[in-house]
Ligand code: MOS
């Protein structure tokens, strides 16, 4: 097979030259109808009609303690039960979805509802019934549950960023600053709460394990499953063709994947396990609480001279991941003397991990409110303050920005939203019982490109098939990869098939960190270039002079159908992209701006978001419809983070109080106004051969702060403790 590897971004490409106009077009996701008509097979629906067993997870109903003994005898003799698996194997497998087997937990309960055992039975009902018959003796211990108590603090691992970024002498510069701004913001824990629960089906044939699970990063996830059951990774194949949302909670495997596998290896038939909604909340992962101190030193005219953003966040013992609230702060705000730092406060609650836009989603709730507050104190319009303080190069290390359209997004949004009509003085515009206000914020999301590969096969009839272990988490991956291949190969969309979600296919980046479309898409781009080179070779022409259009190769005055070039034989090529030098030479991020108008009821304190506009710049947009939908999602999460979402952990005993969607409030239709999204034209040729950047997590960054700033503008009440619920406004 012809393998092409590209490790750097390039300037003008075939996507700019002989364009068919397929790239960028808002074409419908072709897998959408499969999903809404039940024809897309989700993890739990596999092996339908086959003789399978069902597993049910038994949780430990304490927050912290030692397990003295477990009695499974009653459960084992219950009707239909095939096996009850308990002991350290279970505890180890369930302790860390991001890296199972990394931690030995030796009969200890580290968080409320931690898996204690699994029951495997002939039916789901029999397994669930028997799960209630498992009993255990515990020696309870006092757990640490409160981020603010700071009982145990430690340095995080350098994941997903360096925890401490310093330049100059912040404390000295701050002490000498004309204006000193120093406020602390808090955000609660949050849950990803994807629609499809974590679910797996596992089949063991005595030597090889096949798992269907709902996962974002198959290449990592298959290793985690193999480690969890003690197999070599070559013995495990993971399928994940359709995923009902992940939002970070499926970057690692859920306990269901290892449990179903252990179950299948124990009872000799395939095992299905779906976590209940309550167990999705309590046994996968969550976003950590944060306490964020934001300090700006400035001149009276509003020039920021120094900046510090210091975050306390939580994780459980043995876990080094941290909510990187300062991830955007490193490059977004100026200040010669600066300090962006993170500390883990260890708590004995469910491990914390990545949830949509880890870092920006919480950090910009703080910093973008702080800038609004600073502007207000200085008597400057918040947009003018941002204009005055736009850095020319990355303030952390002076690297140039690959492109940075932040101010363009702000200007565009201000014009469209009617920013000039914003009440100058807070609390002055009233319509009956409602106070009206407007607020804005910046948005940014660091861009990353990951190693990814894909193959393209052209069959003798001229159809193309794209194959990669990439996932479609609901974002439209199938469709955009089809668009890229069709555009590059001069084929109509329906002549391109896409196969995803299988570790037997070429290894991909998977979906996470907003890198999926660019990374997997670039690998398809490279493979298509390889295919073009192959066709050119067969025609004995220079690939640069070859144009592919409507299933034909056009060289000079010759026009040859693909089927004629292929002569009855399929061609398969492999393309691979790797992050290259341009990653280090420039700082890459997507940018945007949010504008919100709210009405706050003077009697009840209820906030209604009336209008929400997001303007984004994320390089070449591959599909305007799917990109816009990602932004709608971010905006709605922003409404949730501003007004509703809060995962409550009882600081006395570690119970996750609101562990389902009845109690964990997310925005519903009635909470969401008509949403506006505008995406600016941009090409970032440093970022990838597609000249695109990540967009998935851009729109959630900052939007909650825009709403909070609008609430201040409406009421004159500044809330620094999210969510901004009614009680905090009255
Ligand atoms: Mo995202 S939190 O990297 O799925």
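Brief remarks follow.
- Pairwise inverse Cα distances across region 338-479, averaged and inverted, put the Kirkwood hydrodynamic radius at 20.3 Å.
- Helical contribution to [θ] at 222 nm, DSSP H n ≥ 4, -39,500 (n - 2.57), averaged over the chain, rounded to 500: -7500 deg cm²/dmol
- Distance histogram for region 588-673 (every C-alpha pair counted, 5 angstrom bins, percent rounded to whole numbers): 3, 11, 18, 18, 15, 13, 11, 7, 3, 1, 0
- Ranked 388, 458, criterion: other C-beta atoms within 10 Å, fewest first: 388, 458
- Between residue 653 and residue 276, the distance separating the two model label sites (each 7 Å from Cα on the Cα→Cβ line) works out to 1.7 nm.
- Global geometry of the chain, whether rounded, prolate or oblate, following the gyration tensor of its Cα atoms and the 1.5 cut on a/c: oblate
- Per-residue extension of 0.36 nm, minus the Cα-Cα distance of residue 560 and residue 542, leaves a gain of 5.0 nm for this segment.
- Take the Cα of residue 150, step 7 Å toward its Cβ, do the same at residue 171, and the gap between the two points is 1.4 nm.
- Label-zone membership for region 446-473, site residue 30, 7 angstrom Cα→C-beta point, backbone N under 11 Å: 464-466
- Spin-label proximity, residue 48 to region 209-232 - amide N less than 18 Å from point 7 Å beyond Cα toward beta carbon: 212-214
- Kirkwood Rh in Å, taken over all unlike Cα pairs in region 531-650: 20.4
- Label positions at residue 398 and residue 569, each projected 7 Å from the Cα along the C-beta direction, are separated by 5.7 nm.
- Alpha carbon centroid spacing (whole Å) that separates region 52-85 from region 475-528: 43
- Residue order, fewest to most beta carbons within 10 Å, for 215, 409: 409, 215
- Shape of region 1-79, Cα gyration tensor, a/c cut at 1.5: prolate
- Residue 603/residue 135 FRET efficiency (R0 45 Å; Cβ-Cβ; nearest 0.05): 0.30
- Relative to one another, the C-alpha centroids of region 557-619 and region 190-206 are positioned 27 Å apart.
- Alpha-carbon centroid distance for the pair region 211-264 / region 365-433, whole angstrom: 43
- As a length-normalised measure over Cα pairs under 8 Å and 6 or more apart, the relative contact order of the chain settles at 18 percent.
- Antiparallel bridges, percent of DSSP beta bridges restricted to region 420-536 (to nearest 5): 60
- Based on Cα contacts under 8 Å between residues 6+ apart, region 148-305 shows a relative contact order of 35 percent.
- Shape call, region 401-556: gyration tensor on alpha carbons, a/c limit 1.5: prolate
- All-pairs alpha carbon distance profile, region 323-374, 10 Å steps from 0, percent: 22, 49, 23, 6
- Counting other Cβ atoms within 10 Å as a rough exposure proxy, the listed residues 316, 453 run 316, 453 from fewest neighbours to most.
- Nearest-0.05 FRET efficiency for residue 674 and residue 77, computed from C-beta distance (R0 60 Å): 0.50
- If the segment from residue 41 to residue 336 were pulled out straight at 0.36 nm per residue, it would be longer than the present Cα-Cα gap by 100.8 nm.
- Model label zone, residue 721; criterion: amide N under 15 Å from point 7 Å along Cα-to-beta-carbon; scope region 176-192: 184-189
- A simple packing score, the average count of other Cβ atoms within 10 Å per residue, orders the peptides 548-561, 237-250, 710-723 as 237-250, 710-723, 548-561, with the highest score first.
- Mean separation of Cα pairs under 8 Å and 6 or more residues apart, divided by the residue count, gives region 143-241 a relative contact order of 17 percent.
- Protection proxy ranking for 165-177, 327-339, 301-313, using the average of other Cβ atoms within 10 Å per residue and placing the highest first: 327-339, 301-313, 165-177.
- As a calculated quantity, the FRET efficiency between residue 232 and residue 666 at R0 = 41 Å, using C-beta atoms, amounts to about 0.50.
- Computed over region 259-308, the convex hull of the alpha-carbon atoms projects to a mean area of 6.9 nm².
- Taking packing as the residue-averaged number of other Cβ atoms within 10 angstrom, the listed peptides 3-12, 221-230, 695-704 run from highest to lowest as 695-704, 221-230, 3-12.
- Considering only the Cα atoms of region 609-730, their convex hull presents on average a projected area of 10.0 nm².
Just so you know, all these numbers are worked out from the coordinates, no wet-lab data involved. No experiment lies behind these values; they were computed from the predicted model shown. Positions of Cβ are backbone-derived with ideal geometry, glycine not excepted, and every protein chain shown enters the neighbour counts.
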